[in-house]
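The values are calculated or read from the model by the stated rules, or taken from the named source; none is laboratory data. What you are looking at is a predicted structure, and each value in this text was computed from that prediction instead of being measured. Because the Cβ atoms are built from the backbone with ideal geometry, glycine has one as well, and the counts that use them run over all protein chains shown.
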């Protein structure tokens, strides 16, 4: 939220929001650098062609982490959708697909030894986007201590997977 409330980022987000490519890909790269994370990693068992937008592990990040046999600590997988002018009509459907993905796809065992939180994050830009996220049961993230609010609202849903072998 702080990243999105910076004056320079606000201008970039508002500009990219109305561009033909939207701002999702750019936001993914920005968040990847901000969190020192991996991006577009294959972590789903059910479909190896599906890639997670952002993957965080405590001991490493990105593709190098997936070369390690197992991650022994909790990891976080993020699926991200950003509402833009060009995708506004399909925003809800795309978020719904991510929700189905995080709830229904199996995560690779190597990421489950310490447990895994799999999030669907949606950045809405319009009132219509907010209503759509509410209708999907997404939770609105509140951060009131920001000096300035970002031009988007952050919605989230999480699937918590306990450490492998523990119930």
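Please indicate, with yes or no, whether at least one residue in region 91-106 is farther than 26 Å from residue 48 by Cα, in contact (Cβ under 8 Å) with a residue 40 or more places away in the chain and either touching a helix residue (DSSP H, G or I) at 6+ places or on another chain (Cβ under 6 Å) or part of a loop (DSSP other than H, G, I, E, B) (or both). Break it down stepwise before answering.
Step one: list which residues in region 91-106 are farther than 26 Å from residue 48 by Cα, which gives none.
No: region 91-106 contains no residue that is farther than 26 Å from residue 48 by Cα, in contact (Cβ under 8 Å) with a residue 40 or more places away in the chain and either touching a helix residue (DSSP H, G or I) at 6+ places or on another chain (Cβ under 6 Å) or part of a loop (DSSP other than H, G, I, E, B) (or both).
Residues of region 63-86 being modelled with pLDDT under 85, in contact with a helix residue (DSSP H, G or I) (Cβ under 8 Å, 6 or more places away or on another chain) and either closer than 29 Å to residue 14 by Cβ or outside any loop (DSSP other than H, G, I, E, B) (or both), which ones?
Passing the criteria: only 66.
When region 6-36 is examined, which residues are found to be touching a residue at least 60 places away in the same chain (Cβ under 8 Å), outside any loop (DSSP other than H, G, I, E, B) and out of contact with any strand residue (DSSP E or B) (no Cβ under 6 Å at 6 or more places or on another chain)?
7, 9, 10, 13, 14, 16, 17, listed by residue number.
The rows are residues; the columns are (1) out of contact with any strand residue (DSSP E or B) (no Cβ under 6 Å at 6 or more places or on another chain); (2) surrounded by 12 or more Cβ atoms within 10 Å (Cβ to Cβ); (3) assigned to a strand (DSSP E or B).
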position	(1), (2), (3)
114	yes, yes, no
120	no, yes, yes
129	yes, yes, no
133	no, yes, no
137	yes, no, no
142	yes, no, no
150	yes, yes, no
159	no, yes, yes
164	yes, yes, no
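Does residue 132 satisfy the criteria of being modelled with pLDDT of 90 or more and touching a helix residue (DSSP H, G or I) at 6+ places or on another chain (Cβ under 6 Å)?
Values: modelled with pLDDT of 90 or more: yes; touching a helix residue (DSSP H, G or I) at 6+ places or on another chain (Cβ under 6 Å): yes.
Here the answer is yes, as residue 132 does meet what is asked.
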